[in-house]
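What follows is a short report on a single structure.
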Amino acid sequence: MFNDIGALELVTLVVLAVLVFGPDKLPKVIQDVTRTIRKIREFSDSAKQDIRQELGPEFKDFEFEDLNPKTFIRKQLDNDELGLKEIRNGFDLKKEMAEVADAVHSRDTEASSSGSSSSGSGSGRIDMSKKPETPAKLDKPADDRPPFDVDAT
């Protein structure tokens, strides 16, 4: 229930409880809190039992934790009927990424070693090296920017 509370936070809560309730009333408050938590758990367990009885025998293996979407999806993916385990085990992401990286690196080295002559060689490979684009010839030179109007903005 309190998995994410650290030691420092717990000490802080104890000190706050002593300051707020006082050392003489603190044991009574702790008893009241534990009694309330126990009653809530009993109420929750009885409600779960009532729901299971109302659902009938076909839902005897129903767990309320399965209503959590993460748990439901995990349980469905672990199901052997779909054959997803074989697909998941057959797909090695690290191996695939290594193959892609090797392919990219080999193309980069080939493109840089052969220079610009590889683009027109017709070898069937795609040149993935970045080349500066040549600007289209217009009436204006490529370096001119459109005029900036301060009043327009």
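The figures follow:
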| quantity | calculated |
| --- | --- |
| Within segment 49-80, tally of residues that are among the acidic types (Asp, Glu), loosely packed, with under 10 Cβ neighbours inside 10 Å and not in a helix (DSSP H, G or I) | 1 |
| Residue among VAL15, VAL20, VAL11, VAL29 that is assigned to a helix (DSSP H, G or I), surrounded by 11 or more Cβ atoms within 10 Å (Cβ to Cβ) and without any contact (Cβ under 8 Å) to a residue 40 or more places away in the chain | VAL29 |
| Lone unmet requirement of (1) at pLDDT below 90; (2) assigned to a helix (DSSP H, G or I) for ILE5 | (2) |
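The values are calculated or read from the model by the stated rules, or taken from the named source; none is laboratory data. This is a predicted model, so every value here is computed, not measured. All Cβ positions, even for glycine, are placed from backbone atoms using ideal geometry, and neighbour counts span all protein chains on display.
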